[in-house]
1. Under the rule of -39500 (n - 2.57) per DSSP H run of 4 or more residues, summed and divided by the residues of the chain, what mean residue ellipticity at 222 nm is obtained, to the nearest 500 deg cm²/dmol?
2. Taking just the C-alpha trace of the chain, give me its Rg and Dmax in Å.
3. How high is the FRET efficiency between residue 91 and residue 10 when r is their beta carbon distance and R₀ equals 22 Å, given to the nearest 0.05?
4. According to a simple spin-label model (label point 7 Å from Cα along Cα-to-Cβ), what is the distance in nm between residue 63 and residue 111?
5. If the elastic network links every pair of Cα atoms under 10 Å, which of 76, 89, 114 fluctuates the most in the Gaussian network model of the chain?
6. Using the basic label-point model (7 angstrom from Cα toward the beta carbon), what is the residue 103 to residue 120 distance in nanometres?
7. For a test of the definition: using alpha carbon positions, the gyration tensor, and the 1.5 limit on a/c, classify segment 1-71 as rounded, prolate or oblate.
8. What is segment 74-133 by shape, rounded, prolate or oblate, if you read a ≥ b ≥ c off the alpha carbon gyration tensor as root eigenvalues and call it rounded for a/c under 1.5, prolate for a/b larger than b/c, and oblate otherwise?
Ligand SMILES: Cc1cc2nc3c(=O)[nH]c(=O)nc-3n(C[C@H](O)[C@H](O)[C@H](O)COP(=O)(O)OP(=O)(O)OC[C@H]3O[C@@H](n4cnc5c(N)ncnc54)[C@H](O)[C@@H]3O)c2cc1C
């Protein structure tokens, strides 16, 4: 960072709630439906889940007009929860003062070791799109 001639900062935007994901036989997947902050680390994973879930659903219900409402009903709550999680993580990462950064760097590693377990993360990493849709 010290050797970088010019540092720039860009705002991060997400899509916490896109009211309409599908119209007839057309559907949004991926960032178009639920762009999430990089702090969630899940944007690309969500796209893959969408694709796998959609393929599994279409295999069972070949008419997309009937299948897509099920797809949206299953995917929306999870995608929106992950977008919210990304916002939360972004908030504690984005400190404003040196004191805040000092406290964050002291506290966060302890909190992560104490509270972030396989069990607490299972709702993110244990999800299998083809099984639940
Ligand atoms: C800094 C950063 C870090 C990230 N880190 C992670 C991470 O650690 N883990 C993770 O899972 N995700 C991460 N993500 C998120 C992840 O990259 C995105 O969620 C994912 O790429 C979204 O995929 P997508 O296919 O929905 O959209 P995109 O990857 O944006 O693909 C859309 C494509 O459509 C093309 N396109 C747009 N308009 C048109 C048009 N009119 N005609 C033709 N083509 C068009 C675009 O050029 C693009 O190639 C990160 C994102 C950023 C920005």
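1. Theoretical 222 nm ellipticity from helices: -18500 deg cm²/dmol.
2. Looking at the chain, its Cα Rg and Dmax stand at 18.4, 57 Å.
3. 0.80
4. Simple spin-label model gives 5.0 nm for this pair.
5. Of 76, 89, 114, the Gaussian network model singles out 114 as fluctuating most.
6. With each label placed 7 Å out from Cα toward Cβ, I get 1.9 nm.
7. prolate
8. oblate
Rule-based calculations on the coordinates, nothing more; no lab input. Bear in mind that the values here come from a model prediction, so they are computed numbers and not experimental data. Note that we place each Cβ from the backbone using ideal geometry, even for glycine, and neighbour counts take in every protein chain shown.
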